[in-house]
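Undergrad: Let me give you the structure first, and then I'll get to my questions.
The values are calculated or read from the model by the stated rules, or taken from the named source; none is laboratory data. Note that the coordinates shown come from a computational prediction; the quantities given were computed from them, not determined experimentally. All Cβ positions, glycine included, derive from the backbone under ideal geometry; neighbour counts span all protein chains shown.
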Amino acid sequence: MAKTFCGGIHPHDYKEISKDKATTTAPIPEVLYVPVAQHIGAPAKPVVKKGDVVKRGQLLAEPGGFVSASVHAPVSGTVKAIEPHPHIFGTPVINIVIDNDGKDEWAEGLNVERDIEAMDAAALKKAISDAGLVGMGGATFPTHVKLSPPPGKTIDTVILNGVECEPYLTSDYRLMLESPESILRGLQIFVKITGAKQAFIGIEANKPDAAAIMEKKAKELNINARVELLPVKYPQGAEKQLIKAILDREVPSGGLPMDVNALVQNVGTAHAAYEAARFNKPLTERIVSFTGDGVNTPGNYLCRIGTRISFLLEKFGMASDTNKLILGGPMMGLAQFTAEIPIIKGTSGVLLLRNAPKWEEGPCIRCGKCVQGCPAGIVPSTLSILGEQRRFDAMEENNVFDCIECGVCTYQCPAKRRIVQYIKLGKAEVTAIRKAREAKAAAAQNK
Amino acid sequence: MADTKFLISTSPHIKSEETTARIMWTVVIALLPAAVAAVVVFGQDALWLMVTCILASVLTEAIIQKLRGVPVTIADGSAVVTGLLLAFVLAPTVPLYVAATGAIVAIGVAKHAFGGLGCNIWNPALIGRAFIVAAWAAYGVMPAWPIVQNSSMTEAPFVSITGELVKQKAWDEKSAAEKEKVPAVPTFKATTRATPLNMAQGKGDINEAKKKYPEVAKKNINEAVDLYLADLAKAGQPKEKSQLQGGLSVAIEAYRNADAPIMNNYYDFIVGKMPGCIGETSKLVLLLGGLLLIMYGYVNWRMPLGYIGTVVLLTWALPSYTMNGAPGWFQGNPFFHMVTGGLFLGAFFMATDMVTSPMTNKGIWIFAIGAGLIVALVRLYGGYPEGVCYSILLMNTVAPLIDRYTKPKTFGTVQKKTA
């Protein structure tokens with residue numbers, strides 16, 4: 001029996017647009033905008049000032065806390081400004097603006113070969129932390145934090161996520177075809193750091209060529225990693241669903257993969273980890289799929305972090321009736337109102353859609369499609385109604401926090417209800433209510 | 001490029017082609033074969049009934065939405081579905097003003113008084129029918145269903161609940177030639193007689209008579225009834241013939257004696273040549289429409305399977321006064337119960353109404369089996385010959401409760417949390 005999880009759907013994947021386009025290097029603009037918040041957690045703190053001359057890979061901002069990541073210069077040049085600019089999260093964020101000098105010189109000590117065999121777990125982890133690695137599948141959780149389970153928690157299994165279940169996106173697929181060795185070496189690094197006993201690479205069955213290459217390469221390099229061909233079903237690549245499918249372990253509600261002794265890393269992160277450890281290369285570039293019917297020359301491009309999307313779209317061409325710009329995939333990606341935003345570490349794709357409709361919302365007809373499709377096992381229809389009525393206390397009782405916001409419910413809803421939107425609202429409101437409740441309890445205790 | 005502004009929305013940014021209107025109109029299409037069959041079997045009365053119910057439903061919806069100041073959504077097809085289903089559960093003899101009133105109650109009371117589409121507790125069409133049955137008992141009570149025109153059964157003698165035995169006799173006394181000249185009973189527009197389910201419910205006084213005088217009853221049930229009545233008079237509890245309970249089994253026996261093959265003519269039941277409501281009789285076309293909806297994923301197959309399956313199982317297993325007279329375990333005729341009455345219509349098109357049925361597979365099993373249980377109990381032991389309408393309405397009532405207790409297991413929890 002094929003390994004899988006409960007629920008899920010099969011949207012058309014549209015991968016044909018860019019899947020056969022080999023990765024090419026994207027042009028680099030004259031000015032780059034490097035945000036200090038490219039990850040989940042505290043924003044990084046700038047360590048350069050206006051007018052400073054920087055080299056590629058030089059530290060621009062250091063982690064602002066434990067759950068944070070450093071940010072490095074993607075090119076050599078001069079710091080032009082440190083000021084807020086539009087950001088993918090919606091509100092402006094401090095950007096370190098760099099004037100590109102066009103020389104693309106690496107900072108001293110970077111981009112040199114190192115012997116990773118000689119490095120121990122701590123040294124490898126430091127290399128990853130120093131390189132500013134974050135989850136490159138889109139969640140952007142700082143990688144070194146994931147690799148540092150608190151005392152008492154152990155990791156026995158590392159899973160590389162090559163599922164790429166979001167429609168349209170092909171950057172992970174291209175990476176698996178083009179750089180299987182560095183992905184597998186990255187996996188080895190993760191195994192070494194965590195002391196895991198087994199390793200898997202999860203790939204959706206619609207990418208048999210990628211799976212075959214990974215399997216062949218693993219055998220060649222004598223790396224003990226099993227390739228799992230998983231059923232084509234969205235959201236197969238969601239962390240908890242992937243663990244369930246491969247290991248049949250269920251991450252407890254509100255818990256983390258380490259609670260079931262598992263670590264999941266995106267194949268792109270593994271690749272970046274190898275680059276960081278082996279060549280001492282901080283994360284300054286990544287593969288981005290430019291896709292959708294709105295882009296004239298779709299493909300997979302190796303882009304420098306900090307390159308504005310508007311600059312790239314001028315090169316790649318955009319259809320005039322394009323009305324939606326999405327960072328990430330269509331199911332979970334973030335819609336942007338402007339293209340004046342930079343590529344960041346978690347930008348797996350730039351999706352441009354022509355004539356995207358505005359859906360009119362209707363009343364819930366209780367068809368139950370969302371309930372049957374929900375991989376989290378909650379009742380999205382009820383949550384959407386409660387959200388509409390602003391009954392946030394009831395949303396809390398109905399497990400609103402177990403929602404992974406995969407969008408399966410909203411994709412299927414015949415009434416076109418904005419279920420994910422109501423749930424996001426509910427999560428924010430319930431968080432505020434909880435905080436108020438705790439503050440009240442604390443105040444009562446002080447009295 | 002730089003000044004292009006894009007649309008902002010929360011994810012997901014693609015959605016399926018599915019819409020509420022598409023679901024509703026597909027249901028209408030799935031009901032069309034049964035609508036055609038209704039016209040073929042019952043004539044143009046059925047057509048006018050359907051037109052009236054649909055028009056009344058759609059108009060009521062439009063007027064109420066105007067009055068409520070909400071967008072008029074008659075184009076989504078949900079009122080059309082309600083109207084058509086209501087017509088399907090009415091007899092062709094129901095006057096059009098009665099049908100229209102039923103439609104107004106269905107949409108106005110059952111649907112919009114509760115908040116409109118998606119908010120109603122009960123299936124609107126069935127509420128419309130229940131209202132008609134309560135308000136105009138003459139059209140609603142089952143024994144007055146019309147005979148099927150142009151079917152082999154019109155040749156069978158005419159029966160109704162009161163005074164019919166006399167007519168029965170008069171009919172029996174006619175010669176074959178006379179019978180051919182006079183089509184059924186000429187004084188009525190449509191001839192009426194018991195539906196198969198009425199007839200199957202043989203019990204009460206008639207059965208007593210049969211038990212008491214089995215030999216006589218075998219030859220002529222009327223004589224046995226006369227003897228039984230004489231006994232009652234002797235015992236100081238005289239009864240008129242019209243007061244007899246289970247008078248309909250007399251009709252059954254009459255058919256038997258006349259060699260009318262009604263109870264065994266399953267072919268007629270399946271194609272719809274039988275008395276009943278206009279949309280419920282032809283099982284083949286209902287099955288066709290139902291399978292279409294299952295194929296499209298608009299009907300969860302568990303509902304018809306669980307519902308019909310339960311009825312079949314229970315009507316076979318439970319002891320009752322069966323058509324053969326003798327009560328006993330595992331002697332029922334499940335096929336008869338499966339193909340008669342509104343079971344198919346109810347199982348494929350009424351119980352499966354998304355708004356009023358549970359949302360999880362487990363919940364649907366509970367709903368289906370519960371409804372099947374009610375149907376079997378009503379048919380075998382209840383006062384009504386048919387229980388489909390009320391079985392669904394009763395289960396509609398508990399559907400929210402079922403949903404509450406069949407919540408899916410939240411990912412990452414050990415035990416299901418019931419709120």
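Undergrad: Those residues that are among the hydrophobic types (A, V, I, L, M, F, W, C) and either within 18 Å of the chain's Cα centre (by Cα) or part of a loop (DSSP other than H, G, I, E, B) (or both), I need them from the range B:37-46; list them, please. Reasoning before the result, please.
TA: Taking the range B:37-46 as the starting set, the residues that turn out to be among the hydrophobic types (A, V, I, L, M, F, W, C) are B:37-42, B:46.
Within the range B:37-46, B:Ala37, B:Ala38, B:Val39, B:Val41, B:Phe42, B:Ala46 meet the criteria.
Undergrad: Right, something else. Which members of the range A:110-126 meet the condition of being in a loop (DSSP other than H, G, I, E, B) and surrounded by fewer than 17 Cβ atoms within 10 Å (Cβ to Cβ)? Outline the logic, then answer.
TA: Residues of the range A:110-126 that are in a loop (DSSP other than H, G, I, E, B), as a first pass: A:110-115, A:119-120.
Matches in the range A:110-126: A:Asn111, A:Val112, A:Glu113, A:Arg114, A:Asp115, A:Asp120.
Undergrad: Would you tally the residues in the range A:141-160 being within 27 Å of A:Ile344 (Cβ to Cβ) and out of contact with any strand residue (DSSP E or B) (no Cβ under 9 Å at 6 or more places or on another chain)?
TA: 3
Undergrad: Evaluate the following for A:Glu164: is it in contact with a helix residue (DSSP H, G or I) (Cβ under 6 Å, 6 or more places away or on another chain) and not basic (Lys, Arg)? Talk me through it step by step, then tell me what you get.
TA: On the way: in contact with a helix residue (DSSP H, G or I) (Cβ under 6 Å, 6 or more places away or on another chain): yes; not basic (Lys, Arg): yes.
In short, yes.
Undergrad: Would you say B:Ile54 is within 13 Å of another protein chain (Cβ to nearest Cβ), on the phi < 0 side of the Ramachandran plot, assigned to a helix (DSSP H, G or I) and crowded, with 18+ Cβ neighbours inside 10 Å? Steps first, please.
TA: Working: within 13 Å of another protein chain (Cβ to nearest Cβ): no; on the phi < 0 side of the Ramachandran plot: yes; assigned to a helix (DSSP H, G or I): yes; crowded, with 18+ Cβ neighbours inside 10 Å: yes.
When the stated conditions are applied, B:Ile54 does not pass them.
Undergrad: Which one is surrounded by the fewest Cβ atoms within 10 Å (Cβ to Cβ), of the residues in the range A:337-362 that are facing chain B (nearest Cβ under 8 Å) and modelled with pLDDT of 95 or more?
TA: A:Leu353
Undergrad: Taking the conditions exactly as written (β-branched (Val, Ile, Thr) and modelled with pLDDT under 95), does A:Ile213 satisfy them or not?
TA: Values: β-branched (Val, Ile, Thr): yes; modelled with pLDDT under 95: no.
So A:Ile213 does not fit the description; no.
Undergrad: The conditions are (1) surrounded by 16 or more Cβ atoms within 10 Å (Cβ to Cβ); (2) among the β-branched types (Val, Ile, Thr); (3) over 11 Å from A:Ile98 (Cα atoms), and A:Val54 fails exactly one of them. Which is it?
TA: Against the list (1) surrounded by 16 or more Cβ atoms within 10 Å (Cβ to Cβ); (2) among the β-branched types (Val, Ile, Thr); (3) over 11 Å from A:Ile98 (Cα atoms), A:Val54 comes up short only on (3).
Undergrad: If you scan the range A:363-382, which residues turn out to be surrounded by 24 or more Cβ atoms within 10 Å (Cβ to Cβ) and more than 9 Å from chain B (Cβ to nearest Cβ)?
TA: A:Pro380
Undergrad: Related question: Working only within the range A:389-410, note down all residues that are out of contact with any helix residue (DSSP H, G or I) (no Cβ under 6 Å at 6 or more places or on another chain), without any contact (Cβ under 8 Å) to a residue 60 or more places away in the chain and either under 21 Å from A:Cys367 (Cβ atoms) or not in a loop (DSSP other than H, G, I, E, B) (or both).
TA: Keep residues of the range A:389-410 that are out of contact with any helix residue (DSSP H, G or I) (no Cβ under 6 Å at 6 or more places or on another chain), which gives A:389-391, A:393, A:397, A:399, A:401-402, A:404, A:406.
Pick out the ones that are also without any contact (Cβ under 8 Å) to a residue 60 or more places away in the chain and you get A:389-391, A:393, A:397.
Within the range A:389-410, A:Gln389, A:Asp393, A:Glu397 meet the criteria.
Undergrad: Can I ask one more? Residue check, A:Ser289 against (1) hydroxyl-bearing (Ser, Thr, Tyr); (2) surrounded by fewer than 24 Cβ atoms within 10 Å (Cβ to Cβ); (3) under 18 Å from the mean Cα position of the chain (by Cα), all met but one. Which one?
TA: For A:Ser289, the failing item is (2).
Undergrad: So which residues in the range A:390-447 are under 18 Å from B:Pro12 (Cβ atoms), among the polar types (S, T, N, Q) and away from chain B (no Cβ under 12 Å)?
TA: Answer for the range A:390-447, where residues must be under 18 Å from B:Pro12 (Cβ atoms), among the polar types (S, T, N, Q) and away from chain B (no Cβ under 12 Å): there is none.
Undergrad: Mind listing whichever residues of the range B:104-121 are within 13 Å of chain A (Cβ to nearest Cβ) and not polar (S, T, N, Q)? Spell out the reasoning first.
TA: Step one: filter the range B:104-121 for residues within 13 Å of chain A (Cβ to nearest Cβ), giving B:111-112, B:114-121.
Once the filter is applied, which keeps residues that are within 13 Å of chain A (Cβ to nearest Cβ) and not polar (S, T, N, Q), the range B:104-121 yields B:Lys111, B:His112, B:Phe114, B:Gly115, B:Gly116, B:Leu117, B:Gly118, B:Cys119, B:Ile121.
Undergrad: Just wondering, is there one or more residues in the range B:27-39 that are within 12 Å of chain A (Cβ to nearest Cβ) and buried (at least 18 other Cβ atoms within 10 Å of the Cβ)? It would help to see each step written out before you state the result.
TA: First, pick out the residues of the range B:27-39 that are within 12 Å of chain A (Cβ to nearest Cβ): B:27.
Those left that are additionally buried (at least 18 other Cβ atoms within 10 Å of the Cβ): B:27.
Scanning the range B:27-39, I find at least one residue that is within 12 Å of chain A (Cβ to nearest Cβ) and buried (at least 18 other Cβ atoms within 10 Å of the Cβ), so the answer is yes.
Undergrad: Out of all the residues in the range A:311-322, which are facing chain B (nearest Cβ under 8 Å) and either buried (at least 19 other Cβ atoms within 10 Å of the Cβ) or among the hydroxyl-bearing types (Ser, Thr, Tyr) (or both)?
TA: Let us first name the residues in the range A:311-322 that are facing chain B (nearest Cβ under 8 Å), namely A:313-314, A:318, A:322.
Listed by number, the residues that qualify are A:Leu313, A:Met318, A:Thr322.
Undergrad: Another question, then. If you check B:Thr93 against the conditions, is it away from every other protein chain (no Cβ under 11 Å), closer than 23 Å to B:Lys283 by Cβ and outside any helix (DSSP H, G or I)? Reasoning before the result, please.
TA: On the way: away from every other protein chain (no Cβ under 11 Å): yes; closer than 23 Å to B:Lys283 by Cβ: yes; outside any helix (DSSP H, G or I): yes.
It is true that B:Thr93 is away from every other protein chain (no Cβ under 11 Å), closer than 23 Å to B:Lys283 by Cβ and outside any helix (DSSP H, G or I).
Undergrad: Counting just the residues of the range B:393-405 that are buried (at least 21 other Cβ atoms within 10 Å of the Cβ) and of a type outside the set (A, V, I, L, M), which one comes out nearest to A:Thr382 (Cα to Cα)? Write out each step before concluding.
TA: Of the range B:393-405, the ones buried (at least 21 other Cβ atoms within 10 Å of the Cβ) are B:393, B:395-396, B:399, B:403.
From what's left, of a type outside the set (A, V, I, L, M): B:396, B:403.
Values: B:Asn396: 18, B:Asp403: 10 Å.
Out of the qualifying residues, it is B:Asp403.
Undergrad: Among the candidates A:Val93, A:Val134, A:Val145, which residue alone is over 19 Å from A:Ile183 (Cβ atoms) and in contact with a His (Cβ under 8 Å, 6 or more places away or on another chain)?
TA: A:Val93
Undergrad: Counting just the residues of the range B:377-389 that are among the hydrophobic types (A, V, I, L, M, F, W, C) and either in contact with an Asp or Glu (Cβ under 9 Å, 6 or more places away or on another chain) or within 12 Å of chain A (Cβ to nearest Cβ) (or both), which one comes out surrounded by the most Cβ atoms within 10 Å (Cβ to Cβ)? Steps first, please.
TA: Kept after step one, since they are among the hydrophobic types (A, V, I, L, M, F, W, C), are these residues of the range B:377-389: B:377-378, B:380, B:388-389.
Add one more test, that the residue is either in contact with an Asp or Glu (Cβ under 9 Å, 6 or more places away or on another chain) or within 12 Å of chain A (Cβ to nearest Cβ) (or both), and what stays is B:378, B:388.
On the way: B:Val378: 19, B:Val388: 30.
Out of the qualifying residues, it is B:Val388.
Residue by residue, here is whether (1) of a type in the set (Lys, Arg); (2) more than 14 Å from chain B (Cβ to nearest Cβ); (3) crowded, with 20+ Cβ neighbours inside 10 Å; (4) in contact with a strand residue (DSSP E or B) (Cβ under 8 Å, 6 or more places away or on another chain) holds:
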{"position": "A:Asp13", "(1), (2), (3), (4)": "no, no, yes, no"}
{"position": "A:Val48", "(1), (2), (3), (4)": "no, yes, no, yes"}
{"position": "A:Leu60", "(1), (2), (3), (4)": "no, yes, yes, yes"}
{"position": "A:Gly64", "(1), (2), (3), (4)": "no, yes, no, yes"}
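Undergrad: For the range B:298-317, does any single residue satisfy the condition of being part of a helix (DSSP H, G or I), within 14 Å of chain A (Cβ to nearest Cβ) and either in contact with an Asp or Glu (Cβ under 7 Å, 6 or more places away or on another chain) or modelled with pLDDT of 95 or more (or both)? Full working, then the answer.
TA: Applying the first criterion (part of a helix (DSSP H, G or I)) to the range B:298-317 yields B:302-317.
Remaining after also requiring within 14 Å of chain A (Cβ to nearest Cβ): B:302-303.
If we keep only those that are either in contact with an Asp or Glu (Cβ under 7 Å, 6 or more places away or on another chain) or modelled with pLDDT of 95 or more (or both) as well, we get B:302-303.
The answer is yes, given that some residue of the range B:298-317 is part of a helix (DSSP H, G or I), within 14 Å of chain A (Cβ to nearest Cβ) and either in contact with an Asp or Glu (Cβ under 7 Å, 6 or more places away or on another chain) or modelled with pLDDT of 95 or more (or both).
Undergrad: Residues of the range B:96-121 being farther than 19 Å from B:Ala75 by Cβ, hydrophobic (A, V, I, L, M, F, W, C) and not in a loop (DSSP other than H, G, I, E, B), which ones?
TA: Correct list: B:Leu96, B:Val98, B:Ala99, B:Ala100, B:Ile104, B:Val105, B:Val109, B:Ala110, B:Ala113, B:Phe114.
Undergrad: How many of the residues making up the range A:133-164 are part of a loop (DSSP other than H, G, I, E, B) and more than 13 Å from the chain's Cα centre (by Cα)? Step through it out loud before you land on a result.
TA: First, the residues of the range A:133-164 that are part of a loop (DSSP other than H, G, I, E, B): A:133, A:135-141, A:147-156, A:163-164.
Those still in the list that are more than 13 Å from the chain's Cα centre (by Cα) too: A:147-156.
Qualifying residue count for the region: 10.
Undergrad: Could you figure out which of (1) crowded, with 18+ Cβ neighbours inside 10 Å; (2) at pLDDT 95 or above; (3) assigned to a loop (DSSP other than H, G, I, E, B); (4) not basic (Lys, Arg) isn't true of A:Pro27?
TA: That leaves (1) as the condition not met.
Undergrad: Looking at (1) hydrophobic (A, V, I, L, M, F, W, C); (2) assigned to a loop (DSSP other than H, G, I, E, B); (3) closer than 30 Å to A:Ala131 by Cβ, which is the only condition A:Ala376 fails?
TA: That leaves (3) as the condition not met.
Undergrad: Follow-up question, since we're still on this one. Looking only at the range B:68-90, decide whether some residue is in a loop (DSSP other than H, G, I, E, B), within 14 Å of B:Gly279 (Cα to Cα), aliphatic (A, V, I, L, M) and touching a residue at least 12 places away in the same chain (Cβ under 8 Å). Quick ask: steps written out before the conclusion?
TA: Taking the range B:68-90 as the starting set, the residues that turn out to be in a loop (DSSP other than H, G, I, E, B) are B:69-73, B:77, B:89-90.
So of that shortlist, the ones also within 14 Å of B:Gly279 (Cα to Cα) come out as B:89-90.
In the following step, the residues that additionally are aliphatic (A, V, I, L, M) were identified as B:89-90.
In the following step, the residues that additionally are touching a residue at least 12 places away in the same chain (Cβ under 8 Å) were identified as B:89-90.
Within the range B:68-90, one or more residues are in a loop (DSSP other than H, G, I, E, B), within 14 Å of B:Gly279 (Cα to Cα), aliphatic (A, V, I, L, M) and touching a residue at least 12 places away in the same chain (Cβ under 8 Å).
Undergrad: Ok, one more. Working carefully through the options B:Ile366, B:Ile392, B:Ile374, find the one that is within 14 Å of chain A (Cβ to nearest Cβ) and not basic (Lys, Arg). Steps first, please.
TA: Numbers: B:Ile392 fails: within 14 Å of chain A (Cβ to nearest Cβ); B:Ile374 fails: within 14 Å of chain A (Cβ to nearest Cβ).
Every option except B:Ile366 fails the conditions.
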